[in-house]
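Participant: Sharing a structure here in structure tokens format.
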Amino acid sequence: MAKIIGETILQVENLQTELHTNIGVQRPVDGVSLSLRQGETLGIVGESGCGKSMTALSILGVVPKPAAQVVGGRVMFNGQDLRTFSEQQMRRIRGGSISMVLQDPQTSLNPVYTIGGQVTEAIALHRDVPRRSLMSHAIDALRQVRVAAPEQRVKDYPHQMSGGMKQRVSGAIAISCDPHVLIADEPTTALDVTIQSQYLRLLREIQEKTGLSIIFITHDFGIIANMCDTVAVMYAGRVVESGPVRAIFDEPRHPYTRALLNSVPTMDRHVKRLYSIPGQPPALWDRPAGCWYRNRCPFAEPRCETQYPPAIAAKNTAGSNHVANCWKLEDSTWITPKS
Ligand SMILES: Nc1ncnc2c1ncn2[C@@H]1O[C@H](COP(=O)(O)OP(=O)(O)OP(=O)(O)O)[C@@H](O)[C@H]1O
Ligand SMILES: [Mg+2]
């Protein structure tokens, strides 16, 4: 069955989240814009600490309180701004229309309830299923994510399961309520490669059947290449490049995107030493004037020191909607050279 991509279902515009710490107020999410269409998979990539998880939590309004607070922007879902929703309305959205698999499955499962209890609770909250058939739905959901002997496993508590099993249970809870949008934050990091590919195939099958839209947060460019239609590259709390997956891989415009791609080890290239991006991302409280990547950028010019680059459209062969925040794009033929 072919994938059908529809209208925009989720549009994040200039999202900003503040974090109050003992060294002052910081912005881990500082003007993030993203767009997701029905049936589409959007990948979010970027180095550790660049704000991927915080962006996901901000979309759903579940940032760690009281330290963090979403302070600006819009989260348009089916034409309504979720930032104007009451807590009660948001509770219906979370897990129902938009569900999330958290990066750390240890924190998303409750240690004092059985697995069966937690999956059935999610189904009872969001789906119209008779009470007596809740458990069989829960067992089906666990079977879907390849948990072995789910009839037995529903009686287990989270501490009786391995990290990979817990991650799959979190996945089962997230998809058991037939969401329209699934935000999956590194959902396969604790899974071995066989289970990982089964899990990713399952997500694709569900997507083809139901038109599910997915935001996939990952460090793994292999997963991005396999799963995603579009990609947003984040750096220091902002999206610096976004576009169709082929364009990002074949014609990256932002030097940071190329550097990330270069840090992926490949079998067909003989290298003496694995490449890693020199330098560190700027601290949230100490971003340089101008482009935030300029201190690490081999192509930096004087203008990069004074003004943060706007999003400039890339003219390319792989389709539209490819933009990058880099002054170099003023030259419409610019593609970051391979080093
Ligand atoms: N609960 C918290 N309290 C204080 N600071 C936090 C908290 N959660 C995240 N941060 C800070 O917010 C910034 C963004 O973190 P976030 O977790 O979104 O990064 P990430 O891109 O998901 O990284 P990773 O790839 O390691 O998961 C980081 O600087 C981090 O230190
Ligand atoms: Mg994260």
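The values are calculated or read from the model by the stated rules, or taken from the named source; none is laboratory data. Computed from a predicted model, the values in this text were never measured in an experiment. Positions of Cβ are backbone-derived with ideal geometry, glycine not excepted, and every protein chain shown enters the neighbour counts.
Participant: Hey, could you check the stretch 218-255 for residues that are out of contact with any Leu (no Cβ under 8 Å at 6 or more places or on another chain) and among the aliphatic types (A, V, I, L, M) and say which is nearest to residue 53 (Cα to Cα)?
Facilitator: Of everything passing the filter in the stretch 218-255, 234 is nearest to residue 53 (Cα to Cα).
Participant: Looking at the stretch 42-59, I want the residues that are assigned by TED's automatic domain parsing to the domain that holds residue 16 and have a partner that is near ligand 2 (Cβ under 8 Å from one of its atoms) with Cβ atoms under 6 Å, at least 6 apart or on another chain. Which pairs are those?
Facilitator: Qualifying pairs under 6 Å: 44/52; 44/217; 46/52; 52/217; 53/103; 53/185; 56/185.
Participant: Determine which single condition residue 201 fails, assuming it passes every other condition in (1) out of contact with any strand residue (DSSP E or B) (no Cβ under 7 Å at 6 or more places or on another chain); (2) under 18 Å from residue 45 (Cα atoms).
Facilitator: Result: residue 201 fails condition (2) only.
Participant: Could you go through the stretch 230-249 and let me know if any residue there is away from ligand 2 (no atom under 16 Å from the Cβ), assigned to a loop (DSSP other than H, G, I, E, B) and in contact with a helix residue (DSSP H, G or I) (Cβ under 8 Å, 6 or more places away or on another chain).
Facilitator: Within the stretch 230-249 (the criterion being away from ligand 2 (no atom under 16 Å from the Cβ), assigned to a loop (DSSP other than H, G, I, E, B) and in contact with a helix residue (DSSP H, G or I) (Cβ under 8 Å, 6 or more places away or on another chain)), the answer is no, since none of the residues qualifies.
Participant: Pairs under 7 Å by beta carbon, first residue without any contact (Cβ under 8 Å) to a residue 12 or more places away in the chain in the stretch 289-315, partner of a type in the set (D, E, K, R) and crowded, with 17+ Cβ neighbours inside 10 Å, six or more apart or different chains?
Facilitator: Correct list of pairs: 300/294.
Participant: Still on this structure, please answer the following. Just checking, which of 19, 15, 82 is of a type outside the set (D, E, K, R) and closer than 29 Å to residue 208 by Cα?
Facilitator: Testing whether each residue is of a type outside the set (D, E, K, R) and closer than 29 Å to residue 208 by Cα leaves just 82.
Participant: How about the stretch 158-215: which of its residues are among the aromatic types (Phe, Trp, Tyr) and under 15 Å from residue 115 (Cα atoms)?
Facilitator: Within the stretch 158-215, none qualify.
Participant: Can you find a residue that is crowded, with 20+ Cβ neighbours inside 10 Å, out of contact with any Lys or Arg (no Cβ under 9 Å at 6 or more places or on another chain) and either assigned to a loop (DSSP other than H, G, I, E, B) or among the aromatic types (Phe, Trp, Tyr) (or both) anywhere in the stretch 206-217?
Facilitator: Checked against the condition, which is being crowded, with 20+ Cβ neighbours inside 10 Å, out of contact with any Lys or Arg (no Cβ under 9 Å at 6 or more places or on another chain) and either assigned to a loop (DSSP other than H, G, I, E, B) or among the aromatic types (Phe, Trp, Tyr) (or both), the stretch 206-217 yields at least one hit.
Participant: Would you say residue 24 is under 30 Å from residue 161 (Cα atoms) and touching a residue at least 12 places away in the same chain (Cβ under 8 Å)?
Facilitator: Judged against the criteria, residue 24 is not a match.
Participant: Let me ask you something else. Where the second residue is of a type in the set (D, E, K, R) and surrounded by fewer than 23 Cβ atoms within 10 Å (Cβ to Cβ) and the first is in the same structural domain as residue 116 (by TED's automatic domain parsing) and lies in the stretch 155-176, which pairs have Cβ atoms under 8 Å and are six or more apart or on separate chains?
Facilitator: 158/166; 161/153; 164/192; 165/153; 168/146; 176/127
Participant: Follow-up. Would you confirm, using the coordinates I've provided, whether residue 62 is β-branched (Val, Ile, Thr), surrounded by fewer than 19 Cβ atoms within 10 Å (Cβ to Cβ), within 16 Å of ligand 2 (Cβ to nearest atom) and in the same structural domain as residue 216 (by TED's automatic domain parsing)?
Facilitator: yes
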